[in-house]
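S.K.: Here it is, the structure in full.
The values are calculated or read from the model by the stated rules, or taken from the named source; none is laboratory data. What you see is a predicted model; the values in this text were computed from it and never measured. Cβ atoms come from the backbone with ideal geometry, glycine included; neighbour counts cover every protein chain shown. Quick note on the areas: whole protein, heavy atoms, side chains included, nothing else; ligands and nucleic acids left out. Shrake-Rupley method; radii C 1.70, N 1.55, O 1.52, S 1.80 Å.
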Amino acid sequence: MSAWKGFDSLDLSSVEEAKPSRLPNGNHKVKCIEAIIKDTATGGKMLSCQYESMEGNGNINCNFNMANKNPQAVEIGMRQLKTFLTAGGHTNPDKPGDISTLVGLQCVVVVGDGKPWKGEDGVMRTSSEVKNFKKAGSAWTTESTDANADEKKNDLDDEIPF
């Protein structure tokens, strides 16, 4: 620990700004940076993928049920995984093979509020979670694909009664 010399002598020139650790709600272009199989608390297996924002504004993880006592949970997990693989441009989304082939895939994640939960301190919280995956090329562009969009917007502006 360095000695405190007062606020007026503070030098932050070699300190990087803090980056958000969790992506906020919205659409974010991401890259999968980790994919591992984990045991679940109920004796099942899940694929846990860590995604990092391509803009450097945070990260988010998504767990896919691979084995679970509830067959519906596995069905949902498999659908979500195939959606990610397809959106990320995996070479074989039907049979992905080696888990390492997931690392490096890029797509857009749609982040939204997850189910509320109660922390150890008794306070209710809501975490963000991945709601969907989209292809990066089509879902990420902010430009309009409708050639008449500006014309339609101007028509709408003209109809405002005030």
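S.K.: Assuming R0 = 35 Å, what is the FRET efficiency of Lys69 and Lys131, from their Cβ-Cβ distance, to the nearest 0.05?
M.R.: On the way: r = 25 Å, r/R0 = 0.70.
E between Lys69 and Lys131, to the nearest 0.05, is 0.90.
S.K.: Can you list residues whose amide H is under 5 Å from Leu105's amide H, if they're 5+ apart or on another chain and H is modeled 1.01 Å from N?
M.R.: Cys32
S.K.: Quick one: what are the phi-derived ³J(HN,Hα) couplings along region 90-95, Karplus 6.51/-1.76/1.60 with θ = phi - 60°, whole Hz, x for glycine and proline?
M.R.: 4, 5, 8, x, 6, 9
S.K.: A further question follows. Too long at a 31 Å Cα-Cα cut-off: which of Lys38/Lys135; Lys5/Lys31; Lys69/Lys131; Lys29/Lys69; Lys38/Lys131?
M.R.: On the way: Lys38/Lys135 26 Å; Lys5/Lys31 42 Å; Lys69/Lys131 23 Å; Lys29/Lys69 33 Å; Lys38/Lys131 21 Å.
The answer is Lys5/Lys31; Lys29/Lys69.
S.K.: Looking at region 5-41, which trypsin sites (Lys or Arg not before Pro) are DSSP coil and have at most 16 other C-beta atoms within 10 Å of their C-beta?
M.R.: Working: sites: Lys5, Arg22, Lys29, Lys31, Lys38; in loops: Lys5.
Hits after loop and neighbour filter: Lys5.
S.K.: Hey, quick one: spin label on Arg22, modelled 7 Å out along Cα-Cβ, who in region 56-81 has an amide N within reach, i.e. under 17 Å?
M.R.: Correct set: 57-63.
S.K.: Would you mind getting the accessible area per residue of region 4-59, heavy atoms of the protein chains only, 1.4 Å probe, in Å²? Before the final figure, lay out each step's value.
M.R.: Numbers: 3990 Å² over 56 residues.
Heavy-atom SASA per residue in region 4-59 reads 71 Å².
S.K.: Right, next: Could you tell me what percent of the DSSP beta bridges with both partners in region 18-98 are antiparallel, to the nearest 5? Before the final figure, lay out each step's value.
M.R.: Details: 17 of 18 bridges.
That works out to approximately 95 percent antiparallel.
S.K.: How would you classify region 1-123 from its alpha-carbon gyration tensor, with a ≥ b ≥ c the square roots of the eigenvalues: rounded for a/c under 1.5, else prolate if a/b is greater than b/c, otherwise oblate?
M.R.: Verdict is prolate for region 1-123.
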